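These notes concern the structure reproduced below.
The values are calculated or read from the model by the stated rules, or taken from the named source; none is laboratory data. Given the structure is predicted, the values throughout are model-derived calculations rather than measurements. Here Cβ is always computed from backbone atoms with ideal geometry, including for glycine, and neighbour counts include all displayed protein chains. Please note that ligands, DNA and RNA were not included when accessible areas were found on the heavy atoms of the full protein model with its side chains. Shrake-Rupley method; radii C 1.70, N 1.55, O 1.52, S 1.80 Å.
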Amino acid sequence: MNTQPFSEAEILAFRKDTKGTTALVHFNNAGASLPPDIVTDIITAYLQEEILNGSYETEEKYRPQLDNTHTLIARLINANSDEIALTENASAAWDIAFYGMNLRAGDEVITSEMEYASNVLGLLYAQEKHGVKITVIANDDEGNFPLTALEAAITANTRLIAITHIPSTAGNVLPAIEIGRIARQHNITYLLDASQSAGQMPLDVQAIGCDLLAVTGRKFLRGPRGTGFLYVKKALQPQLKLELMDGFTITSITTHNYTVRNDARRFEWHEKNHAIVLGFNKAIEYVLNAGTDRIWQRVQYLSGLLRQQLQAIPGVVVHDTGTPLCGIVTFTVTGFEPVEIKNRLSAKRINVNVGPAKSTVFYMHRKALTSVVRASVHYYNTEEEISLLSSAINTIIQSGTLAANQ
Ligand SMILES: Cc1ncc(COP(=O)(O)O)c(C=O)c1O
């Protein structure tokens, strides 16, 4: 494990590999990161080959590389390649896992107030449609997930613990490993949404002890839009309900029965956009080469610097609490709607995003937040870019104060 901070030369090389860094200051990595050029280059090259040689024929040529995507993902999260299914996004991955649990009246699910919108919709649906009981655990006063509250919420009917590792609109990280320890002690299935943590920090499904892990490709993994994956622990695969199938799901079929394949790819559609799968493959390779330990170190450093600078600006309220904090920095500015801050920064070619209440509905509702500005850093960002963002916000506030006084 290499824990050396990235050198200046390495950061420069990452930026040289990423065309987008020359055109703008990108702090919307929690929305979608700038991909390394190698990702988009391979996608366009693959599409060109499809045009010239035929789509099935191109697929056949690239079959070994396409199949290797599962192996690369497995390496990233310390799983086996037969435990990985490619999906179009994280919501699809989470849904396959959650609806596959086939929860019924009397079953109980424990989640946290940081759960993501798509997942909350699944939980509310299960509650309304099947009478499943949902227990939501709020953060403690320090902004941390309280493990004792999780222990206390478990009953003989608890069938699932569903947790979002890093929330969409807050800077905290949930204690995935400690939650996993509790899930295992009580023999409860554990579904982790790692959409915002994958590519930002190290992920090891063996250490976490989760049974299911849902991830999207476009965020900190720097993959193309429309990519994602689901990890399904081998032992759980036969138990997860499978109702959506195509010819790729099975190893044999007769006129009256069929045999399902013996790996997680039973949960994957055969028909997919192979160009972006190959792009995703390159993105994972790029993350593996950079090293998630080193990425995590830099992301924490840069986001710490940003929080420090923002906190020093009168009128800015940083909302992130808890330990540790990650690359997602959320704040509001007195007198300005988050969307106005986003638009004014965008005019200066600085990208941030607005986190709406629905993304993390339980938490935002409890905090009475309707939306926040979300600035999310990645390892290819620089100290200079952080200063640019802080001074741009300072200027926006000054101009607002001037206008108010005129
Ligand atoms: C924590 C979290 N989980 C899941 C998702 C959903 O990902 P996707 O849009 O790929 O379905 C998001 C997207 O913002 C997210 O932030």
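DSSP loop (so not H, G, I, E, B), at most 14 other Cβ within 10 Å: list which trypsin sites (Lys or Arg not before Pro) in the stretch 230-316 pass both filters.
On the way: sites: Lys233, Lys234, Lys241, Arg261, Arg265, Arg266, Lys272, Lys282, Arg294, Arg298, Arg307; in loops: Lys233, Lys241, Arg261, Lys272.
The qualifying sites are Lys241.
List the residues, sorted by chain then number, that are 5 or more residues from Glu268 or on another chain and whose placed amide H is less than 5 Å from its amide H.
Answer set, sorted by chain and number: none.
Only Cα pairs within less than 10 Å get springs; with that Gaussian network setup on the chain, which residue of Ile84, Ile161, Ile134 has the largest fluctuation?
Ile134
Which of the listed residues, Ile154, Pro202, Trp94, is farthest toward the dipole's positive end in the stretch 39-289, when Lys, Arg count +1 and Asp, Glu count -1 at the beta-carbon?
The one lying farthest along the dipole's positive direction is Ile154.
Restrict the search to the stretch 264-362; then list the GluC sites (Glu not before Pro) that DSSP places in a loop and that have at most 13 other Cβ atoms within 10 Å of their Cβ. Numbers along the way, then the final one.
Working: sites: Glu268, Glu271, Glu285, Glu340; in loops: Glu268, Glu271.
The qualifying sites are Glu271.
Which of Asn187, Ile177, Thr254 sits closest to the plus end of the dipole of the stretch 142-257, meaning its Cα is farthest towards the positive end, when Lys and Arg get +1 and Asp and Glu get -1 on the C-beta?
Positive-end residue among those listed: Thr254.
Could you derive backbone 3J(HN,Hα) for the stretch 83-91 from the dihedral phi with the Karplus parameters 6.51, -1.76 and 1.60 (θ = phi - 60°), listing whole Hz in sequence and x where the residue is Gly or Pro?
Ordered by residue, 3J(HN,Hα) equals 9, 10, 10, 7, 10, 7, 5, 6, 4 Hz.
What do you reckon, how do Thr44, Thr158 stack up by accessible area (1.4 Å probe), largest on top?
On the way: Thr44 80, Thr158 15 Å².
In descending accessible area the options line up as Thr44, Thr158.
Ordered by packing density, taken as the mean number of other Cβ atoms within 10 Å over each peptide's residues, highest first, how do 166-179, 3-16 rank?
Working: 166-179: 23.9, 3-16: 13.3.
So the order, starting with the most tightly packed, is 166-179, 3-16.
Just report the Cα centroid separation between the stretch 181-212 and the stretch 318-361, whole Å.
27
Taking 7 Å along the Cα-to-C-beta vector as the label spot, tell me the Asp246-Gln4 distance in nanometres, rounded to one decimal.
My value for the distance between the label points is 4.5 nm.
In percent, how large is the relative contact order of the chain, given Cα pairs closer than 8 Å and 6 or more residues apart? Could you put the intermediate results ahead of the total?
Numbers: 779 pairs, mean separation 94.0, N = 406.
So the answer I get is 23 percent.
Could you tell me how far the Cα centroid of the stretch 4-45 sits from the Cα centroid of the stretch 264-292, in Å?
If you average the Cα positions of each part, the centres end up 18 Å apart.
Val260's amide H: which non-local residues (gap 5+, or another chain) put their own amide H closer than 5 Å, with H modeled 1.01 Å from N in plane and none for Pro or chain starts?
Thr251
Let's see if you can work this out: charge +1 on each Lys and Arg Cβ, -1 on each Asp and Glu Cβ, no other charges. What is the dipole magnitude of the stretch 135-251 about its Cα centre, in debye to the nearest 20? The partial results should precede the final answer.
Values: 10 positive and 10 negative charges, 97 e Å.
Here the size comes out at about 460 debye.
Of Ser390, Leu121, Ala74, which is farthest towards the positive pole of the chain's charge dipole, taken about the Cα centre with +1 and -1 on the beta-carbons of Lys, Arg and Asp, Glu respectively?
Selected residue: Ser390.
Output ³J(HN,Hα) for the stretch 139-145: one whole-Hz value per residue in order, computed from phi by the Karplus curve 6.51 cos²θ - 1.76 cosθ + 1.60 with θ = phi - 60°, and x for Gly and Pro.
5, 7, 5, 8, x, 9, 6
Quickly estimate the mean residue ellipticity at 222 nm for the chain, helices only: each DSSP H run with n ≥ 4 gives -39500 (n - 2.57), and the total goes over all residues, rounded to 500.
On the way: 14 runs with 175 residues, N = 406.
The helix contribution divided over the chain gives -13500 deg cm²/dmol.
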